[in-house]
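Here the structure is laid out as structure tokens; the discussion comes afterwards.
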Amino acid sequence: MLAPTVLRTWAPRGTTPLLRHWDRHDRISVISGLSVSPVRQRLGLYYQWHHHNIRQAEVCGFISHLLRHLRGPVIVLWDRLWLHRSPAARDLCRRMPRLRLEYFPAYAPELNPDEQVWAFAKARMANGSPEDRYDLALSLIEGCSTAAAILSVDSGAASPTRACRSFVPDCCIT
């Protein structure tokens with residue numbers, strides 16, 4: 001929504017900081033994923049944004065989009081959101097033999113590297129108040145681009161490889 005994310009900020013002593021914004025309910029919903037190259041150990045960030053809540057069709061469309069861009073077998077590690085366990089997602093997995101679905105443990109967002117990317121992107125957008133969805137989309141793209149650049153520079157120290165290896169032991173990530 002266009003209501004700003006508020007983090008710690010500053011103001012003159014004795015004055016409460018004010019963040020002025022419109023009470024609008026426009027939104028951008030985003031689905032994203034990280035890819036780990038098993039040979040080169042490179043990380044990739046893929047995302048799609050929509051002007052409405054994400055439904056089963058968008059989830060399946062995103063996975064189909066990933067399969068078009070990634071070669072070889074693809075293992076998708078998901079949290080336990082209902083959309084990720086929906087009949088449409090299971091049907092897509094049955095139709096695509098190179099796709100394998102795995103799930104993170106329940107109530108463990110700290111193990112999901114995608115959550116860390118979104119925490120970073122939201123922190124970059126904090127205390128801002130976009131005028132409309134266009135401004136929000138520009139901020140979102142800037143935050144995601146910065147996160148992707150940091151991931152590509154620091155992929156040796158990033159945790160997605162360890163997370164993938166610990167939950168899918170027979171995958172080819174070393």
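The values are calculated or read from the model by the stated rules, or taken from the named source; none is laboratory data. What you are looking at is a predicted structure, and each value in this text was computed from that prediction instead of being measured. In this analysis, Cβ positions are derived from the backbone assuming ideal geometry, glycine residues included, and neighbour counts consider all displayed protein chains.
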Counting only residues in segment 35-58 that are hydrophobic (A, V, I, L, M, F, W, C) and in a strand (DSSP E or B), the one nearest to the chain's Cα centre (by Cα) is identified as Leu45
Closer than 25 Å to Gly143 by Cα and within 20 Å of the chain's Cα centre (by Cα) - does that describe any residue in segment 86-103?
no
Among the residues listed as Ser29, Ser64, Ser86, the single one being surrounded by 15 or more Cβ atoms within 10 Å (Cβ to Cβ), of a type in the set (S, T, N, Q) and either on the phi < 0 side of the Ramachandran plot or in contact (Cβ under 8 Å) with a residue 24 or more places away in the chain (or both):
Ser86
Hey, any hits in segment 79-91 for a residue that's closer than 14 Å to Leu34 by Cα and either outside the structural domain of Ala147 (by TED's automatic domain parsing) or in a strand (DSSP E or B) (or both)?
yes
Exception for Ala148 within (1) within 14 Å of the chain's Cα centre (by Cα); (2) at pLDDT below 80; (3) over 26 Å from Pro73 (Cα atoms) falls at (3)
Hey, among the residues in segment 46-57 that are in contact with a strand residue (DSSP E or B) (Cβ under 6 Å, 6 or more places away or on another chain) and surrounded by 13 or more Cβ atoms within 10 Å (Cβ to Cβ), which one's modelled with the lowest pLDDT?
Trp49
